[in-house]
């Protein structure tokens, strides 16, 4: 159903209540009373006919006669919201609440608008009061769960969603509520409970792609890679269009396989290892790839040709998305291709940087900031302030090197500890990631957050310690201190959200 139609239905069944005009009759003449009732009926009629601009004009006439009528302000606010005039909608909702502090649906509607505008904190008490005024208000509990989820208050979000489901287990928003509950449970590592909720979603809507992806991540977190990567095929609508072959039994000798890159640089680095398996079956391997990775991946002997993203594909026999390869090869924890290195640095550049690094110190490369949306919760959780590394720099015989890519450069200007920063030619003249890969082969250790630098270090087979947030990505599983994907990698996890100091102290203890 179209958003406007859906909202109109909600208003029609829950919000469009006639003003009890008898309350105002003593203040108005009979003529004025009849005119007001007529105008209100006209406004409601226009609203239900989806003639919102005309309805707005009529509601404004009612308010001009009765400025302290909470319901008229409320109905007008909903009409303003539908016509995308959110500021006027907010204004009249606040007025409705001022006039009627026990108007549950006005509290809910104002909280919902603030939630849409990402103003979650001011919306929280409004939505909470809506559930207090009307303890059977399903929509308010559902919204309350969404607000708590946005504020990263997971226990309260779970409670709110559960309350909504208990109130109306067959409500039209059942699927959305179940999905949000499953998502929230997954993000608090209640994996078994999350799987149960996702299964309920899929029982109602078998084609619910986000639920398939959510349950895929749950299985992958648990190490059930075979089931996880099968569900992972729901990650994008176009994935299902690709024909999957029984590659283990098929004869690929002489076939040309085009593999298409997906997602971020780190994902490409992690899963490029599967191209070696295709090559070993006698196929010619063509890789479509993001431009910044082209020079680096060109050194992989199992890739015959690289086509930059956006260019015309050459002739090929089979085309497959990169992240489908773990599923195609039936990957389990025991069968992950773990041979490293499977990405290689340029030998001349390795020699070049070897001459520049001091040999009497422990040389450590660090990366503290990823390249994603820095305002998004996943980035906020995994990024670290550069200053957090200060205690590490104070260790005797340690030299730190910045491997930071683009983002995070501003912090370098205010860095107060000894950190080697490469000049502007680094990874510019020789190609993106080329100097980084070469210097990694000369460093004693890489310490980084979960970003492409971590994957590159692991793929190169160099020692790398990855600093993970309390809620880490699915690929790092639960409670592990090593990675089944990278033999030279160790994982250092937060014990509680936001606590990087304890993680750094653990690193210092290991280095001392």
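The values are calculated or read from the model by the stated rules, or taken from the named source; none is laboratory data. The structure presented is a predicted model; accordingly, all values stated were derived computationally and were not measured. No Cβ is skipped: glycine too gets one built from the backbone with ideal geometry, and neighbour counts run over all protein chains shown.
Tally the residues that are in a loop (DSSP other than H, G, I, E, B) and surrounded by 22 or more Cβ atoms within 10 Å (Cβ to Cβ), restricting the search to segment 282-292.
Narrowing segment 282-292 to residues in a loop (DSSP other than H, G, I, E, B): 282-283, 290.
Within this subset, residues satisfying the condition of being surrounded by 22 or more Cβ atoms within 10 Å (Cβ to Cβ) are 283.
Total meeting the criteria: 1.
Going through segment 119-168 one residue at a time, which ones are assigned to a loop (DSSP other than H, G, I, E, B) and over 18 Å from residue 184 (Cβ atoms)? Full working, then the answer.
If we filter segment 119-168 for residues that are assigned to a loop (DSSP other than H, G, I, E, B), which is where we start, we get 119, 134-137, 151-153, 168.
Once the filter is applied, which keeps residues that are assigned to a loop (DSSP other than H, G, I, E, B) and over 18 Å from residue 184 (Cβ atoms), segment 119-168 yields 119, 134, 135, 136, 137, 168.
Using the structure shown, decide if residue 179 is within 22 Å of residue 127 (Cβ to Cβ), assigned to a helix (DSSP H, G or I) and within 18 Å of the chain's Cα centre (by Cα). Spell out the reasoning first.
Details: within 22 Å of residue 127 (Cβ to Cβ): yes; assigned to a helix (DSSP H, G or I): yes; within 18 Å of the chain's Cα centre (by Cα): yes.
For residue 179, the condition - within 22 Å of residue 127 (Cβ to Cβ), assigned to a helix (DSSP H, G or I) and within 18 Å of the chain's Cα centre (by Cα) - is met.
Is one or more of the residues making up segment 45-59 modelled with pLDDT under 85 and crowded, with 17+ Cβ neighbours inside 10 Å?
No; the residues of segment 45-59 include none that is modelled with pLDDT under 85 and crowded, with 17+ Cβ neighbours inside 10 Å.
Name, by its number, the condition in (1) out of contact with any helix residue (DSSP H, G or I) (no Cβ under 9 Å at 6 or more places or on another chain); (2) surrounded by 20 or more Cβ atoms within 10 Å (Cβ to Cβ) that does not hold for residue 170.
Unmet condition: (2).
Somewhere in segment 357-364, is a residue outside any loop (DSSP other than H, G, I, E, B) and free of Cβ contacts under 8 Å to residues at least 60 places away in the same chain?
Residues of segment 357-364 outside any loop (DSSP other than H, G, I, E, B): 362-364.
Imposing the further condition that a residue be free of Cβ contacts under 8 Å to residues at least 60 places away in the same chain reduces the set to none.
No, segment 357-364 contains no residue that is outside any loop (DSSP other than H, G, I, E, B) and free of Cβ contacts under 8 Å to residues at least 60 places away in the same chain.
Report yes if some residue within segment 318-330 is on the phi > 0 side of the Ramachandran plot and either surrounded by fewer than 17 Cβ atoms within 10 Å (Cβ to Cβ) or in contact with a helix residue (DSSP H, G or I) (Cβ under 6 Å, 6 or more places away or on another chain) (or both); otherwise report no.
Taking segment 318-330 first, the residues on the phi > 0 side of the Ramachandran plot are 330.
If we keep only those that are either surrounded by fewer than 17 Cβ atoms within 10 Å (Cβ to Cβ) or in contact with a helix residue (DSSP H, G or I) (Cβ under 6 Å, 6 or more places away or on another chain) (or both) too, we end up with 330.
Yes, because at least one residue in segment 318-330 is on the phi > 0 side of the Ramachandran plot and either surrounded by fewer than 17 Cβ atoms within 10 Å (Cβ to Cβ) or in contact with a helix residue (DSSP H, G or I) (Cβ under 6 Å, 6 or more places away or on another chain) (or both).
Report whether or not residue 209 is without any contact (Cβ under 8 Å) to a residue 40 or more places away in the chain and buried (at least 22 other Cβ atoms within 10 Å of the Cβ).
On the way: without any contact (Cβ under 8 Å) to a residue 40 or more places away in the chain: yes; buried (at least 22 other Cβ atoms within 10 Å of the Cβ): no.
Spelling it out, it is not the case that residue 209 is without any contact (Cβ under 8 Å) to a residue 40 or more places away in the chain and buried (at least 22 other Cβ atoms within 10 Å of the Cβ).
For segment 138-145, state whether one or more residues are farther than 24 Å from residue 67 by Cβ and surrounded by fewer than 19 Cβ atoms within 10 Å (Cβ to Cβ). First the steps, then the outcome.
Taking segment 138-145 and keeping what is farther than 24 Å from residue 67 by Cβ, we get 138-145.
Okay, now just the ones that are also surrounded by fewer than 19 Cβ atoms within 10 Å (Cβ to Cβ), so none.
Within segment 138-145, not a single residue is farther than 24 Å from residue 67 by Cβ and surrounded by fewer than 19 Cβ atoms within 10 Å (Cβ to Cβ).
Restricting attention to segment 426-451, report how many residues are under 24 Å from residue 346 (Cβ atoms) and touching a strand residue (DSSP E or B) at 6+ places or on another chain (Cβ under 9 Å).
Initial filter on segment 426-451 (under 24 Å from residue 346 (Cβ atoms)): 426-448, 451.
Filter once more, so that each one left must be touching a strand residue (DSSP E or B) at 6+ places or on another chain (Cβ under 9 Å): 436, 439-440, 442-448, 451.
The qualifying residues number 11.
Here are 279, 243: which of them is part of a helix (DSSP H, G or I) and either modelled with pLDDT under 95 or surrounded by fewer than 22 Cβ atoms within 10 Å (Cβ to Cβ) (or both)?
Working: 243 fails: part of a helix (DSSP H, G or I).
Exactly one of 279, 243 is part of a helix (DSSP H, G or I) and either modelled with pLDDT under 95 or surrounded by fewer than 22 Cβ atoms within 10 Å (Cβ to Cβ) (or both), namely 279.
For segment 430-512, which fully contained helices (runs of 4 or more DSSP H) count at least 3 residues that are within 20 Å of residue 337 (Cβ to Cβ)? Don't jump to the end; show me each part of the working.
Details: elements: 434-440, 452-460, 500-511.
Once the helices (runs of 4 or more DSSP H) in segment 430-512 are filtered for at least 3 residues that are within 20 Å of residue 337 (Cβ to Cβ), what remains is 452-460.
If you check 115, 107, which single one turns out to be under 30 Å from residue 199 (Cβ atoms) and either out of contact with any strand residue (DSSP E or B) (no Cβ under 7 Å at 6 or more places or on another chain) or buried (at least 21 other Cβ atoms within 10 Å of the Cβ) (or both)?
Details: 107 fails: under 30 Å from residue 199 (Cβ atoms).
Within the list 115, 107, the selection yields 115.
Within segment 60-73, does at least one residue satisfy the condition of being under 20 Å from residue 108 (Cβ atoms), at pLDDT 90 or above and not in a loop (DSSP other than H, G, I, E, B)? Working first, answer last.
As a first pass, look at segment 60-73 and keep what is under 20 Å from residue 108 (Cβ atoms): 69-73.
Now drop any that are not at pLDDT 90 or above, which leaves 73.
Going one step further and asking which of them are not in a loop (DSSP other than H, G, I, E, B), we end up with 73.
Checking segment 60-73: at least one residue is under 20 Å from residue 108 (Cβ atoms), at pLDDT 90 or above and not in a loop (DSSP other than H, G, I, E, B).
Looking at (1) more than 18 Å from the chain's Cα centre (by Cα); (2) modelled with pLDDT of 90 or more; (3) not assigned by TED's automatic domain parsing to the domain that holds residue 276, which is the only condition residue 166 fails?
Evaluating residue 166 over (1) more than 18 Å from the chain's Cα centre (by Cα); (2) modelled with pLDDT of 90 or more; (3) not assigned by TED's automatic domain parsing to the domain that holds residue 276 leaves (2) as the failure.
Of 422, 426, which residue is modelled with pLDDT under 95, in contact with a helix residue (DSSP H, G or I) (Cβ under 6 Å, 6 or more places away or on another chain) and assigned to a loop (DSSP other than H, G, I, E, B)?
Working: 422 fails: in contact with a helix residue (DSSP H, G or I) (Cβ under 6 Å, 6 or more places away or on another chain).
After ruling out the rest, the residue left standing is 426.
Hey, among 105, 95, which residue is farther than 24 Å from residue 167 by Cβ and touching a helix residue (DSSP H, G or I) at 6+ places or on another chain (Cβ under 6 Å)?
Details: 105 fails: farther than 24 Å from residue 167 by Cβ.
On inspection, the qualifying residue turns out to be 95.
Limited to segment 478-500, what total is found for residues that are modelled with pLDDT of 95 or more and out of contact with any strand residue (DSSP E or B) (no Cβ under 9 Å at 6 or more places or on another chain)?
3
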